[in-house]
Amino acid sequence: MDKVKVIEVRESVFANNDREADRVREKLKSKKTCLINLMLSPGAGKTTTIRRLIGDLSTEISIGVMEADIDSTVDAEAIAETGAKAIQIHTGGMCHLDAGMTEQGLDEIGYEDFDLLVLENVGNLVCPAEFDTGAAFNMSILSVPEGHDKPLKYPLMYEVCKALIINKVDVLPYFDFDMEKIMEYASRRNPSIKIFPVSAKTGEGFEELETWLKSEVGMWNS
């Protein structure tokens with residue numbers, strides 16, 4: 001009996017995506033546009049966070065947003081209320097964005113019109129971390145109600161992220177959330193990760209986050 005031929009589809013898919021992601025990244029760099037891939041769970045406070053960033057930074061840097069979801073336009077509409085340009089990307093049921101999907105969104109919103117583009121990936125902590133979107137870097141939001149053990153449960157998410165925003169610190173007194181442990185667990189997965197405890201509701205911690213973000217955008221676009 002002939003041996004059954006095994007095709008390593010997963011390896012092929014990832015290799016092809018990585019090549020396309022590198023091409024997208026080079027194009028963004030040439031246009032001096034910094035793209036951030038923002039990953040998080042539903043309910044982490046991404047829309048409130050992005051809206052505050054736009055409100056605080058829009059006079060200094062031009063910001064656009066690409067919202068990804070399986071369906072609906074709710075998030076893009078909420079961002080558009082700030083006056084920033086936003087588009088919605090529907091993934092057709094897929095639980096992540098890859099470089100090809102990202103490029104379609106970039107073609108629609110425009111490569112050259114922004115200093116900073118925020119790509120809000122599909123809301124979960126598993127699939128999005130596996131695919132390079134072509135972004136300058138990855139960033140994650142974790143909210144206090146989710147608990148401090150997420151880096152132990154979803155290690156890849158924190159290994160691939162340059163920064164972690166810990167949101168909703170205004171509710172710390174009401175949850176069993178250990179700030180020292182989350183910092184330890186995240187740093188264990190990624191010793192160089194930058195961690196920013198904030199409250200998108202009150203604005204606490206945003207000055208430090210925004211200073212760092214402006215520096216990163218400036219370095220990418222220089």
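Only one entry of His148, His96 meets the criterion of being free of Cβ contacts under 8 Å to residues at least 60 places away in the same chain and under 14 Å from the mean Cα position of the chain (by Cα), and that entry is His96.
Considering (1) out of contact with any Ser or Thr (no Cβ under 8 Å at 6 or more places or on another chain); (2) modelled with pLDDT of 95 or more; (3) open to solvent by 70 Å² or more (accessible area, probe 1.4 Å), the lone condition that Lys201 does not fulfil carries the number (1). Is it true that some residue in the stretch 129-150 is at pLDDT 95 or above, open to solvent by 30 Å² or more (accessible area, probe 1.4 Å), farther than 24 Å from Phe14 by Cα and of a type outside the set (D, E, K, R)? Checked against the condition, which is being at pLDDT 95 or above, open to solvent by 30 Å² or more (accessible area, probe 1.4 Å), farther than 24 Å from Phe14 by Cα and of a type outside the set (D, E, K, R), the stretch 129-150 yields at least one hit.
Residue check: is Gly83 on the phi > 0 side of the Ramachandran plot, of a type outside the set (Ser, Thr, Tyr), in contact with a helix residue (DSSP H, G or I) (Cβ under 9 Å, 6 or more places away or on another chain) and open to solvent by 60 Å² or more (accessible area, probe 1.4 Å)? Yes, satisfied. Based on this model, can you work out whether Tyr185 counts as in a helix (DSSP H, G or I), open to solvent by less than 20 Å² (accessible area, probe 1.4 Å) and more than 22 Å from Thr33 (Cα to Cα)? For Tyr185, the condition - in a helix (DSSP H, G or I), open to solvent by less than 20 Å² (accessible area, probe 1.4 Å) and more than 22 Å from Thr33 (Cα to Cα) - is not met. Scanning the stretch 99-145 for residues that are in a helix (DSSP H, G or I), under 16 Å from the mean Cα position of the chain (by Cα) and polar (S, T, N, Q) yields one hit, Thr102.
Scanning the stretch 146-181 for residues that are touching a helix residue (DSSP H, G or I) at 6+ places or on another chain (Cβ under 7 Å) and assigned to a helix (DSSP H, G or I) yields Pro151, Leu152, Pro155, Leu156, Met157, Tyr158, Glu159, Val169, Val171, Leu172.
The values are calculated or read from the model by the stated rules, or taken from the named source; none is laboratory data. All values derive from a computational prediction rather than experimental measurement. Cβ atoms come from the backbone with ideal geometry, glycine included; neighbour counts cover every protein chain shown. Each accessible area value is taken on the protein alone, full model and side chains, heavy atoms only, with ligands, DNA and RNA left out. Shrake-Rupley method; radii C 1.70, N 1.55, O 1.52, S 1.80 Å.
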